[in-house]
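Q: Can you read through this structure? Questions will come right after.
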Amino acid sequence: MGNSYDLGVIGAGPAGYTAALHAAANGQKVVIFEKDNLGGVCLNKGCIPTKSILHSSELYKKIKNSQQFGLTAENVKLDYNKVIERKNQTVERLRKGLELAFKNAKIEVIKSEAKIVSSNEIEAEGIIYNCGKIICAIGSSPRLVKGLEFDHEFLLSSDDILNLESLPKSILIVGSGAIGIEWARIFSNFGVETTIVELASHLLPLADIEVSKRVERIFKFEKIKFHLETCVEKIENKKITLSNGEIICPEKVLVCVGRTPNSVDIVGGVSYIGDVSGEIQLAHYASKQALNVVENISMRKDLIPSVVYGTPEIAWVGKREQDVEGQDYKKSNLLVSSLGKAQCDGETEGFIKILSQNNKIIGAHIVSAEASSLIQQIVIAMQNNISTDKLKEVCFAHPTYSEGIFEALFRL
Ligand SMILES: Cc1cc2nc3c(=O)[nH]c(=O)nc-3n(C[C@H](O)[C@H](O)[C@H](O)COP(=O)(O)OP(=O)(O)OC[C@H]3O[C@@H](n4cnc5c(N)ncnc54)[C@H](O)[C@@H]3O)c2cc1C
C-alpha cells in the first residue's frame, strides 16, 4: 500500500530526524512530516544559529584585544549583516546535509503540518498515512510571560532576535538560563550595552552555586549589568520599571524565560520525544530519547551534560554542591590558570570542580575553555562507574585542558 509505513514521525528536529534516520538504517519504511524547515528549532532557531553568531562575536572581541598575543589589528570593522549571512549559510549547509541524508535513506519527507488521528494513523493535507508506529517530536516554543507578551519589535523572543537587521545600542535580557547567558555574551562582545534581569538569587540558576557566582564575577568584569531577585514590573512607552525600583530604557528586550512544549493530544501507543515530552529541553537529550525508542539504547537521565557557550565555556553534569549539602562528600577545585595550555592561550579564567563520594565522581562543574569537550570525559567515567583511583591511571596528554581533570582528581 502506497501510504503504509513502518514508522511515521511528526517533526524533523533532533528528536524526529534521529528517530527517522535510525529506523530507516534498520530497514524500516519511514515517513517524516515537517511543517517548517528540516532540522527543527536546533538547526534553524536554536543551537546552530546562536553558536554561529556567538563565534563571530568572539572573533570580533579577540581580534580587537589581540595585542597581548603580539598582534596589532587596526580598523576592525563589524558588519552585522555579514554575520547573519554567514549564520544563514551555515544553517543552509547543514539543512542540505540533512535533506541529503533523508534522500539517501529513502525516507519520505512530507513538508506539511501533520496530525495524529489514532495510534496508527497520521493525517496531513487530507491524506491518511498508516504507520506501524508513530513518533511525535513536535518540539517547544518560547514561553509567554504575562505583561511581557512578544510584540516582535520591542519585546523579542529567541526566534525574533535571530532576525535583527542591525545591532541595538542597548538590550535588556529577561532570564539568565543558557539562552539568556549566551545572548548576553554575544551582545556584550559586539559592544551592545547589556543588562540582565533574573528572578532567582543567582545568574544561571540551574548551575552549581560556585559556577553561578563565577559567571557573576566574569559578567561584572565584562560590564554586563545584572539585577538578581528582580523582575520587570511595568513597561510604559519602552520605559521599563524593575521590581527593585530601577528604571531602564533599552532599545530592545529579549524575553527568554524557558520554553513550553507544543500542545498535542496524547494518544496511547504513540511515543512523544524531545522537547514536547516536557523533560530535559536539550538537543542531545532529544536525540538520545530517539535512540532509546528506535534502537532500544538505554540512557542515564541523571547524566545528561549541560553546556553554556561563550568565553569561557561552562559545562556540568551530575550533582551540584547545593544538592549534597549536609552529606559526606569530597570536593576538588582546580584553577584553570594553573594549566600550561590555558596560559599559552590566554584563557586563564575558570575552574574545574569535581565532587565525589566513595571514590566515585558524583558531579563535575567546569568553567573553562573547552569545557564542552572536557565534560564528556567525566560523563564517560560516571556512566561506566569508573572509580577516581582508576581514572588516575589514565594518561592525559600535555599541554591540554584535560590535564586539569587529572590534577583535580588528585585533589579529591
Ligand atoms: C536559542 C536557543 C538555543 C539553544 N541552544 C541549544 C544548545 O546549544 N544545545 C542544546 O542541546 N539545545 C539547545 N537548544 C534547545 C534545542 O534547540 C531543543 O532542545 C531541540 O531543538 C529539541 O528538539 P526536538 O526535536 O524535540 O524539537 P524541535 O527542534 O523544536 O523540532 C520540532 C519540529 O517539529 C515541527 N512541528 C511542530 N508541529 C508540527 C506538526 N503538527 N506537523 C509537522 N511538523 C511539526 C516544528 O516545525 C519543528 O521543526 C536551544 C534552543 C534555543 C531556542
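Q: Compute the distance from the alpha-carbon center of the stretch 125-183 to that of the stretch 339-412, in whole Å.
A: Rounded to whole Å, the Cα centres lie 34 Å apart.
Q: While we're here: As a test of understanding, state the convex hull volume per residue of the stretch 303-409 from its alpha carbons, in Å³.
A: Measuring per residue, one finds 87 Å³ for the Cα hull of the stretch 303-409.
Q: Something else now. So who's got an amide H within less than 5 Å of the one on Tyr5, skipping anything under 5 residues away but keeping other chains? H placed 1.01 Å off N, in plane.
A: Asn130, Cys131, Gly132
Q: About its Cα centre, what dipole magnitude does the stretch 303-409 give when the only charges are +1 on Lys and Arg Cβ and -1 on Asp and Glu Cβ, stated in debye to the nearest 20?
A: 300
Q: Once you wrap a convex hull around the alpha carbon atoms of the stretch 144-257, what is its projected area averaged over all directions, in nm²?
A: Values: hull surface 26.1 nm².
Answer in nm², one decimal: 6.5.
Q: What list of ³J(HN,Hα) couplings, whole Hz, do you get for the stretch 102-116 from phi and the Karplus terms 6.51, -1.76, 1.60, once you set θ to phi - 60° and write x for glycine and proline?
A: Whole-Hz 3J(HN,Hα) from phi for the stretch 102-116: 4, 5, 4, 8, 6, 8, 7, 10, 10, 8, 7, 5, 10, 9, 7.
Q: Same structure again: Which residues does a label at Glu108 reach in the stretch 122-154, if reach means a backbone N under 19 Å from a point 7 Å past the Cα toward the Cβ?
A: From the stretch 122-154, the list is 122-137.
Q: Now, a different point. Per DSSP H run of n ≥ 4, the term is -39500 (n - 2.57); total these for the chain, divide by its residue number, and report the mean residue ellipticity at 222 nm rounded to 500 deg cm²/dmol.
A: My calculation for the chain gives -10000 deg cm²/dmol from helical runs alone.
Q: Roughly how big is the chain's charge dipole about its Cα centre, with Cβ charges of +1 (Lys, Arg) and -1 (Asp, Glu), in debye to the nearest 20?
A: 660
Q: Let me ask something else about it. Extension gain Ile266-Gln376, at 0.36 nm per residue separation less the Cα-Cα distance, in nm?
A: Separation in residues times 0.36 nm, less the Cα-Cα distance, equals 36.1 nm.
Q: Still on this model: Hey, rough spin-label estimate for Lys223 and Asn358, points 7 angstrom out along Cα→Cβ, what's it come to in nanometres?
A: About 5.2 nm, to one decimal.
Q: Something else: Output wanted: per-residue J couplings in Hz (rounded whole) for the stretch 192-206, from phi through Karplus 6.51 cos²θ - 1.76 cosθ + 1.60, θ = phi - 60°, x for Gly and Pro.
A: Values, residue by residue: 7, 5, 10, 10, 10, 10, 10, 6, 6, 7, 9, 5, 6, x, 8 Hz.
Q: Dipole size in debye (nearest 20) for the stretch 144-257 around its Cα centre, Lys and Arg Cβ +1, Asp and Glu Cβ -1?
A: Working: 13 positive and 18 negative charges, 81 e Å.
Charge dipole of the stretch 144-257: 380 debye, to the nearest 20.
Q: Would you mind calculating the gained length between Leu164 and Asp36 on full extension (0.36 nm times residue separation, minus the Cα-Cα distance), in nm to one decimal?
A: 44.1 nm
Q: Using modelled amide H (1.01 Å from N, peptide plane; none on Pro or chain starts), what sits under 5 Å from the amide H of Ser140, excluding residues fewer than 5 places away?
A: It is Asn262, by chain and number.
Q: When only Cα pairs under 8 Å and 6 or more residues apart are kept, what is the percent relative contact order across the chain? Please list the in-between numbers first.
A: Numbers: 803 pairs, mean separation 62.9, N = 412.
Rounded, it is 15 percent for the chain.
Q: Determine how many Å³ per residue the convex hull of the Cα atoms of the chain encloses.
A: On the way: hull volume 69.2 nm³, N = 412.
It comes to 168 Å³ per residue, whole-number rounded.
Q: Within the set of other residues whose C-beta is less than 15 Å from the C-beta of Gly180, count the net charge using Lys and Arg as +1 and Asp and Glu as -1. Please report the intermediate quantities before stating the final value.
A: Numbers: positive: Arg143, Arg185, Lys225, Lys252, Arg259; negative: Asp159, Asp160, Glu182, Glu198, Glu216, Glu222.
Net of charged neighbours comes to -1.
Q: Where does the charge balance sit around Ser402 when Lys and Arg score +1, Asp and Glu -1, over other residues with C-beta under 13 Å from its C-beta?
A: Summing Lys/Arg as +1 and Asp/Glu as -1 gives -2.
Q: Need one number: nm distance between label points at Ser4 and Leu335, each 7 Å from Cα along Cα→Cβ, rounded to one decimal.
A: Taking the two extended label points, one gets 7.0 nm.
Q: Next question. Using the charge dipole of the chain (Lys, Arg: +1 at Cβ; Asp, Glu: -1 at Cβ; taken about the Cα centre), state which of Val276, Trp183, Gln89 has its Cα farthest towards the positive end.
A: The listed residue farthest towards the positive side: Gln89.
Q: Residue farthest toward the positive end of the dipole of the stretch 22-140, with Cβ of Lys/Arg at +1 and Asp/Glu at -1: which of Val76, Tyr129, Pro49?
A: Selected residue: Val76.
Q: Could you pull out which residues in the stretch 274-297 have an amide N less than 20 Å from a spot 7 Å beyond the Cα of Leu206, following the Cα-Cβ vector?
A: In the stretch 274-297, the label zone of Leu206 (backbone N under 20 Å from the point 7 Å along Cα→Cβ) covers 274-292.
Q: What FRET efficiency comes out for Glu233 versus Arg86 if R0 is 51 angstrom and r is the Cβ-Cβ distance? Round to the nearest 0.05. Let's see the in-between values first.
A: Values: r = 39 Å, r/R0 = 0.76.
That pair, Glu233 with Arg86, gives E of 0.85.
Q: Cut-off is 10 Å between beta-carbons; in what order do Phe396, Phe69 appear when sorted fewest neighbours first?
A: Lowest to highest Cβ neighbour count: Phe69, Phe396.
Q: By how many nm would the segment from Asp151 to Asp302 grow when fully extended, if each residue of separation counts as 0.36 nm and the alpha-carbon distance is taken off?
A: Answer, rounded to one decimal: 50.6 nm.
Rule-based calculations on the coordinates, nothing more; no lab input. What you see is a predicted model; the values in this text were computed from it and never measured. Positions of Cβ are generated from backbone atoms using ideal geometry, with glycine treated the same way; all protein chains shown enter the neighbour counts.
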